[in-house]
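Take a look at the structure below.
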Amino acid sequence: MATLQALLFDVDGTLADTERDGHRPAFNMAFKAAGLDWNWDETLYGELLAVTGGKERIRYYLEKFNPSFIKPEPFDEFVKNLHASKTQFYTQLMAEGKIPLRVGVERLINEARAEGMRMAIVTTTTPENVTALLKSTLGADSESWFEVIAAGDIVPAKKPAPDIYLWALEKMNLTAGDAIAFEDSLNGIKSSAAANLKTIITINDYTKDDDFSQAQLVLDSMGDSNRGFNVLAGEAAGHTFLNLALVKKIHEL
Ligand code: XBP
Ligand code: MG
């Protein structure tokens with residue numbers, strides 16, 4: 001097995017719990033601003049998460065949960081504008097510092113930086129959303145810590161397709177064996193595993209019942225020295241939180 005050279009981070013659900021308290025309210029704010037009476041509550045949103053990508057999710061909602069809605073023409077334009085409005089609301093919420101990073105994320109990123117480990121972001125969310133979250137949590141220059149930000153519509157086929165991971169690896173001139181992915185969801189693990197990446201999962205409320213049999217390690221969080229993780233699947237070799245030493249061990253599996 002090659003030496004570990006890069007950490008590839010998913011964003012939503014992995015770096016921060018953005019879905020329930022960030023994306024979901026931002027969608028609802030955009031619906032209200034557009035005069036639509038749609039409301040995505042926490043339970044419905046859990047079902048809508050089956051589809052990644054905000055524009056794709058809006059289409060899926062109409063197909064499956066609101067088929068009687070008469071689609072305005074041109075419909076592509078309608079979805080695009082509604083989603084652009086959602087992105088504005090979302091980035092505002094992030095700028096207000098509404099969503100913190102999950103336990104252990106900042107610590108692991110700092111350790112990786114100190115060791116000169118290469119890092120990238122690999123997500124289906126819109127690039128502006130990544131910028132907004134990183135700025136509000138890790139600081140103004142933190143985007144530059146990530147060599148590549150693979151996000152949004154860069155590839156047409158979003159997760160669970162492997163395309164976004166393959167795109168990032170190619171940009172970094174790496175093969176799958178040189179890197180490891182951090183994910184939180186079924187669509188995420190399907191994408192990283194199909195790109196042949198070893199993957200560490202940190203579950204959240206929306207994804208705790210997902211099938212993570214393709215992951216090398218499944219945790220309830222990355223944990224910290226004062227707040228250890230729970231190991232849900234895999235072997236943590238005596239570690240109580242996820243540091244680079246454990247990440248390297250998992251990569252060697
Ligand atoms: C994230 C997503 C995104 C966000 C919304 O999935 O599915 O669609 O929910 O972002 P992952 P946009 O964590 O697997 O990358 O509205 O900007 O698409
Ligand atoms: Mg995710």
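The values are calculated or read from the model by the stated rules, or taken from the named source; none is laboratory data. Only a predicted model underlies this, so the values are computations on that prediction, with no experimental measurement involved. Every residue, glycine as well, gets a Cβ built from its backbone with ideal geometry; the counts of neighbours run over all protein chains shown. These area figures cover heavy atoms from the full protein model, side chains too; ligands, DNA and RNA do not enter into them. Shrake-Rupley method; radii C 1.70, N 1.55, O 1.52, S 1.80 Å.
Over the chain, what is the relative contact order in whole percent, taking alpha-carbon pairs under 8 Å and six or more residues apart? Could the numbers behind the result be given before it?
Values: 421 pairs, mean separation 55.5, N = 253.
Once normalised by length, the contact order is 22 percent.
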Go through PHE212, PHE65 and list them by solvent-accessible area, largest first, probe radius 1.4 Å. PHE65, PHE212
Which aspartates and glutamates does LYS80 reach when only Cα atoms under 14 Å apart count, and residues fewer than 8 places away in its own chain are ignored? GLU56, ASP153
In nanometres, the difference between 0.36 nm per residue of separation and the alpha-carbon distance of LEU253 and GLN214 is 12.8 nm
To the nearest 0.05, what FRET efficiency results for ASN81 and GLU47 with a Förster distance of 25 Å applied to their C-beta separation? 0.55
Calculated Rg and Dmax of the chain using C-alpha coordinates, Å: 18.0, 58
Too long for a 23 Å Cα-Cα cut-off, among LYS32/LYS98; LYS159/LYS249; LYS190/LYS248; LYS55/LYS158; LYS98/LYS249, are LYS159/LYS249; LYS98/LYS249
